[in-house]
Amino acid sequence: MLIKQAQVRPGYYYQFNISIPNLNENWIPDDIELWKEDPDQYITEKNYYDLSPAGLLLYHENWKKVALVLNLKVMPPVYRLRTLAAHYTLIEKYIQQIYQNEKKVPFNERERLNSPFYGVTPSLLKTLSGIDLSFAINNYDIEYITNARVLDWDKFGELPYAKVETQGIVLSPGSNNLLDVFNIFENNQF
């Protein structure tokens, strides 16, 4: 379901299109050490930047201006599955609130439900899953989101089994493919 930029809320899974004119791989460092040398030269400290992230919008104090996205596309599938399972365990009983008389409450009316799943933070999800998620969490200025599609709860069960998608991911000059990103994510677990 396509929604307006102003309707984006933490606690839901989205696919975004991000508009960064003329983005090129030279704005993306090969590693964190290169980024530390000159952070102003880069758009991110990671070896990728995703113009079409898909994942959970996490809560933080400035969520109305900056989208903090747990990007499922850059997580190895086994970690994606464990993270989704931990998140579902936390919110399972609250998902029923969005169904009234066996119909989903319209998206623009759900904020009034004030469910706890709107408040899922990176640290809470890390604690629940036991996974260091930092390498898969990216922040995007809301103003750069040109397209926001909600991956609604009736589709949640499909997320763990979604194919590995690379569309929109721009890699650093020294990265060969998404496997390089997966390896860094995995190395952060030790």
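Each value in this text was obtained by applying a stated rule to the coordinates, not by laboratory testing. The model shown is predicted, which means the values in this text are computed figures rather than measured ones. Cβ coordinates were reconstructed from backbone atoms using ideal geometry, including for glycine residues, and neighbour counts include every protein chain displayed.
Below, the figures for the structure above:
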{"read-out": "Assigned charges on the beta-carbon of Lys, Arg, Asp, Glu; segment 61-137 dipole about Cα centre (debye)", "value": "140"}
{"read-out": "Cα principal axis extents for the chain, largest first, Å", "value": "55, 35, 30"}
{"read-out": "Cut-off under 5 Å, modelled amide H: who pairs with Asn147 long-range", "value": "Asn17"}
{"read-out": "Positive-end residue of Leu70, Ser172, Met1, charge dipole of the chain with Cβ unit charges", "value": "Met1"}
{"read-out": "Simple label model, 7 Å out from Cα along Cβ direction - Asn139 to Arg112, nm", "value": "3.3"}
{"read-out": "Globularity ratio of segment 84-178, using Cα Rg and 2.2 N^0.38 Å", "value": "1.31"}
{"read-out": "Extension gain from Tyr88 to Phe190, taking 0.36 nm per residue of separation minus the Cα-Cα distance", "value": "34.3 nm"}
{"read-out": "Charge dipole (debye, nearest 20) of segment 9-101; +1 at Cβ of Lys and Arg, -1 at Cβ of Asp and Glu", "value": "760"}
{"read-out": "Charge dipole magnitude, Cβ of K and R +1, D and E -1 - the chain, Cα centre, debye nearest 20", "value": "1000"}
{"read-out": "Under 12 Å, Cβ to Cβ, from Ile18 - net charge with Lys/Arg +1 and Asp/Glu -1", "value": "-3"}
{"read-out": "Segment Thr166-Val105, length gained on full extension (0.36 nm per residue, minus Cα span)", "value": "18.7 nm"}
{"read-out": "GNM flexibility winner over the chain from Thr89, Thr44, Thr166 (Cα, springs under 10 Å)", "value": "Thr89"}
